[in-house]
Amino acid sequence: MSTTGDAGMPEQAGRPEGASRPGGASRPDDGGYRDGGRGASRLRLVWVYPDLLSTYGDRGNLLVLERRARLRGIGTESVLVHADQPVPRQGDIYLIGGGEDLPQILAGHRLRADGGLAAAAGLGAVVFAVCAGYQLIGSEFAGEEGQPVPGLEIADLRSGRGDRRAVGEVLADVDPALGLPRLTGFENHQGVTRLGAGVRPLARVVAGTGNGDGTEGAYAGRVLGSYLHGPALVRNPALADLLLGWAAGPLPELPAADEEWGRRLRDERLAAVPGG
Amino acid sequence: MSKLPLRARLAATIGGVAGQVSRLAGRGDGSVIGGVIALRLEPGLLAMLAAGRQVVLVTGTNGKTTTTRLITAALESVGQVASNAFGANMEAGLTTALGQARDAPFAVLEVDEKYLPSVLTATAARAVALLNLSRDQMDRAAEIWLVARRWRDALADAPDCRVIANADDPLIAWAAAAAKQVTWVAAGQRWREDSWCCPVCGSHLVRSESDWRCGECGFAKPAASWVLDGQVVLDPAGRRHELGLALPGRANRANAVVALAVAETFGIGAELALARLRTVTSVAGRYTTVLRRGRNVRLLLAKNPAGWLEAFDVLKPAPVPVLLAVNAQGPDGRDTSWLWDVDYRLLRGQRVFVAGERRLDLAVRLESDEVAFQLVERVDDAVDEVEAGGDLDVIANYTAFQQIRAAFGRTT
């Protein structure tokens, strides 16, 4: 194994008494948040509501960002924000993941009242939203009976409920403007998402369902959403680097040895899907 | 049970023959195919076979097979018990189990979470044990809140049934609270990532080590009459009993407490029941140690994040190596994302082998947690790396586990 470092996996969520700061917690110089100054030497990664929205391995996206930053000598500080805590506004990258209907509704309610995530996005922070989180950043999503529930209005999109659940492997070709290789992931949702004029589709579906109209995900500025689990950043390291680059500026390539296992997994998954 | 109508008798007989053929052909333990055929001939067969017996149903995400085995052991002190001991837990498997023990006055059946409502109706069960609910194979299973809601509706319609439920799991407590008769058991809950939301009102639950309550609507942990306290169980009279199980781990102590509460429903006292529970040493090949090529290989099953936590709890420490095997076939769930919900860091410093059809997913996962590992094609490749006479622990998910058992010739 080629990695060293101190930013291990965050503690299991479940400490409502205070935001945990894995990795950074053991450092004597951990000064918490600093005002302003994006692109500071240490990246602040904020995982929004892991207690409600972390249904399928969403932690993996955080761990991949930590690792790929660390391998380039960029320090990270990860903050897990539970649903009964305020969302800090000074993070660099915000992650919001998948969840079942009721937790999704509760999360929407709390995040709207809190305002922190929308404020951070307004300040130019990177937001990476997956599945339920992706629906949440839009203006509307479907509740447990299919009823419309207001979203956070961070991205110009709205979601409803489709006729059937979309479950399975996904392949999708990314908008050429982003310069990323084909996406691989796993979707499990019943959402149908319509994109407004203020966002662009992240990708065109090659296999799977995605948004439901042949596109998958959406992005605008530094806000990017997707239906893909996998987790998405594990299977698509280039997407992780896109987000890191938005927050930290141009990144050097990683040595091939550090990419070996991820590349093999990615090749296997791309080849496993007909049409891939 | 000999009062079955001719058509049902025929269905049961043909189903039994099909099961035997399947077994002889080495295609499995035969408990599914026989039941499928029998049910096609007589769709009401499960209800007919259950009629007149005292039936216990066991369901939940983890621990079904083991708890079923433990309850069976306890009830065998008062009579013959029909049981689907090998985990075939949908209607066909249940039908086969009842058909194979036609004269048993008791039946202890593990039931797939989705099938509990229909099986409860068909069997008019005397008792239902609800263990826990957590994320599991979500590409094919319903959301667990939906599962709990269906249980709730079904139990509300079964006033004669006693529910034995784990009060430490909020979703279980919500489902069971709709039943007329409930025995609450404080069996603990290690995995909490799926129960931060109040099942009643959706608000955030306030949790401590052994208690939970909703800060908004007041829904709270029910007072338990059976309590697991480390290695000891407190019975409803407040007496303490040392568990002393042969099965390892905290999860099995929790399963045992549920089994004791079920046994009490049938008038079997804790000491008598415990003596029976202690005789259970392996369950459907799990926890078994197999001698393989001169090494002692112990097989542990873990199918989801909560299950992996429980498996780690019984893992032998370094220098005993461990082999992890993961597949993603239909019964496993085809999405491997859940691997990222498991904290593998405690394997640092231990020798780790990685196998299974999705070993590359595991490899990337372990790399991220800075756990050194070695990829192997087959389990025996890892066995051969262990020193002669040494130990190897194996943790595998469902079909990976079955493949390993098949490779070992079902010697367990």
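The values are calculated or read from the model by the stated rules, or taken from the named source; none is laboratory data. What you are looking at is a predicted structure, and each value in this text was computed from that prediction instead of being measured. Methodologically, a virtual Cβ is constructed for each residue, glycine included, from the backbone with ideal geometry; neighbour enumeration extends over all protein chains shown.
Could you list, in sequence order, all residues of region A:44-62 that are within 10 Å of another protein chain (Cβ to nearest Cβ) and outside any loop (DSSP other than H, G, I, E, B)?
A:R59, A:G60, A:N61, A:L62
Any idea which of (1) away from chain B (no Cβ under 14 Å); (2) crowded, with 24+ Cβ neighbours inside 10 Å is the one A:Q104 doesn't satisfy?
(1)
Consider A:D84 carefully, then state whether it is surrounded by fewer than 24 Cβ atoms within 10 Å (Cβ to Cβ) and not hydroxyl-bearing (S, T, Y).
yes
Just checking: which of the strands (runs of 3 or more DSSP E) contained wholly in region B:194-245 hold 3 or more residues that are crowded, with 19+ Cβ neighbours inside 10 Å?
Per the criteria, B:226-229.
With buried (at least 23 other Cβ atoms within 10 Å of the Cβ), modelled with pLDDT of 95 or more and not assigned by TED's automatic domain parsing to the domain that holds B:A74 as the only criterion, which of B:V326, B:V262 stands out?
Unique residue meeting the criteria: B:V326.
Would you check if A:G185 is of a type in the set (G, A, S), crowded, with 24+ Cβ neighbours inside 10 Å, within 14 Å of chain B (Cβ to nearest Cβ) and touching a His at 6+ places or on another chain (Cβ under 7 Å)?
yes
Report yes if B:A306 is more than 16 Å from the chain's Cα centre (by Cα) and within 12 Å of another protein chain (Cβ to nearest Cβ), otherwise no.
no
Looking only at region A:178-190, which residues are modelled with pLDDT under 95 and under 19 Å from A:P231 (Cβ atoms)?
A:N188, A:H189
Pick out the one residue from B:A107, B:A97, B:A82, B:A101 that is closer than 26 Å to B:L260 by Cβ and in contact with a Lys or Arg (Cβ under 6 Å, 6 or more places away or on another chain).
Criteria check complete, one pass: B:A107.
Taking the stated definitions as given, is B:W226 aromatic (F, W, Y) and at pLDDT below 95?
It is false that B:W226 is aromatic (F, W, Y) and at pLDDT below 95.
Quick one: B:D369 ticks every box in (1) touching a helix residue (DSSP H, G or I) at 6+ places or on another chain (Cβ under 6 Å); (2) of a type in the set (D, E, K, R); (3) buried (at least 23 other Cβ atoms within 10 Å of the Cβ) except a single one, so which number is it?
If we test B:D369 against (1) touching a helix residue (DSSP H, G or I) at 6+ places or on another chain (Cβ under 6 Å); (2) of a type in the set (D, E, K, R); (3) buried (at least 23 other Cβ atoms within 10 Å of the Cβ), just (3) comes out false.
Kindly list the number of the only condition in (1) closer than 25 Å to B:A107 by Cβ; (2) at pLDDT 95 or above that fails for B:G244.
Of the numbered conditions (1) closer than 25 Å to B:A107 by Cβ; (2) at pLDDT 95 or above, the odd one out for B:G244 is (1).
Can you tell me which of A:V149, A:V126, A:V174 is at pLDDT 95 or above, over 25 Å from A:V206 (Cβ atoms) and in contact with a Leu (Cβ under 6 Å, 6 or more places away or on another chain)?
A:V126
Given the residues B:A156, B:A148, B:A101, which is the only one that is at pLDDT 90 or above, more than 24 Å from B:V78 (Cβ to Cβ), among the aliphatic types (A, V, I, L, M) and more than 18 Å from the chain's Cα centre (by Cα)?
B:A156
Which one is farthest from the other protein chains (Cβ to nearest Cβ) among residues in region B:361-384 that are part of a loop (DSSP other than H, G, I, E, B) and at pLDDT 95 or above?
Among those residues, the one meeting the criterion is B:V376.
Each row is one residue, and each column tells you yes or no for (1) at pLDDT below 95; (2) more than 10 Å from every other protein chain (Cβ to nearest Cβ); (3) within 23 Å of A:R67 (Cα to Cα).
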residue: B:A318; (1), (2), (3): yes, yes, no
residue: B:D332; (1), (2), (3): yes, yes, no
residue: B:W338; (1), (2), (3): yes, no, yes
residue: B:Y344; (1), (2), (3): no, no, yes
residue: B:G356; (1), (2), (3): no, yes, no
residue: B:R359; (1), (2), (3): no, no, yes
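Tell me, yes or no, whether region B:213-226 has at least one residue that is touching a helix residue (DSSP H, G or I) at 6+ places or on another chain (Cβ under 8 Å), within 14 Å of chain A (Cβ to nearest Cβ), closer than 24 Å to A:Y56 by Cα and aromatic (F, W, Y).
no
In region A:80-116, which residues are within 20 Å of A:E66 (Cα to Cα) and either of a type in the set (A, V, I, L, M, F, W, C) or outside any loop (DSSP other than H, G, I, E, B) (or both)?
A:L80, A:V81, A:V87, A:I93, A:Y94, A:L95, A:I96
Just wondering, is there one or more residues in region A:240-254 that are within 12 Å of another protein chain (Cβ to nearest Cβ), under 20 Å from A:F186 (Cα atoms) and not polar (S, T, N, Q)?
Scanning region A:240-254 turns up at least one residue that is within 12 Å of another protein chain (Cβ to nearest Cβ), under 20 Å from A:F186 (Cα atoms) and not polar (S, T, N, Q).
Restricting attention to region A:172-209, and to residues there that are among the acidic types (D, E) and in a strand (DSSP E or B), which single residue is nearest to A:G245 (Cα to Cα)?
Restricting to residues being among the acidic types (D, E) and in a strand (DSSP E or B), the top hit is A:D173.
Answer yes or no as to whether A:R164 is modelled with pLDDT under 95, more than 17 Å from the chain's Cα centre (by Cα) and either closer than 24 Å to A:A69 by Cα or within 14 Å of chain B (Cβ to nearest Cβ) (or both).
yes
What residue, of A:E144, A:E169, is touching a residue at least 40 places away in the same chain (Cβ under 8 Å), part of a loop (DSSP other than H, G, I, E, B) and within 30 Å of B:Q329 (Cα to Cα)?
A:E144
If B:R23 satisfies all but one of (1) modelled with pLDDT of 75 or more; (2) over 23 Å from B:K114 (Cα atoms); (3) among the charged types (D, E, K, R), what's the number of the condition it fails?
(1)
If you go through region B:69-98 one residue at a time, how many are more than 15 Å from the chain's Cα centre (by Cα), part of a helix (DSSP H, G or I) and more than 16 Å from B:S31 (Cα to Cα)?
3
Output the number of the condition that B:R253 fails; it satisfies all remaining conditions of (1) away from every other protein chain (no Cβ under 14 Å); (2) touching a helix residue (DSSP H, G or I) at 6+ places or on another chain (Cβ under 9 Å).
(2)
Could you tell me which residue of region B:372-401 is nearest to B:E310 (Cα to Cα), considering only residues that are polar (S, T, N, Q) and crowded, with 19+ Cβ neighbours inside 10 Å?
In this case the residue turns out to be B:N397.
Can you tell which of B:A97, B:A124, B:A101 is aliphatic (A, V, I, L, M), buried (at least 19 other Cβ atoms within 10 Å of the Cβ) and not assigned by TED's automatic domain parsing to the domain that holds B:L309?
From the options B:A97, B:A124, B:A101, the qualifying one is B:A97.
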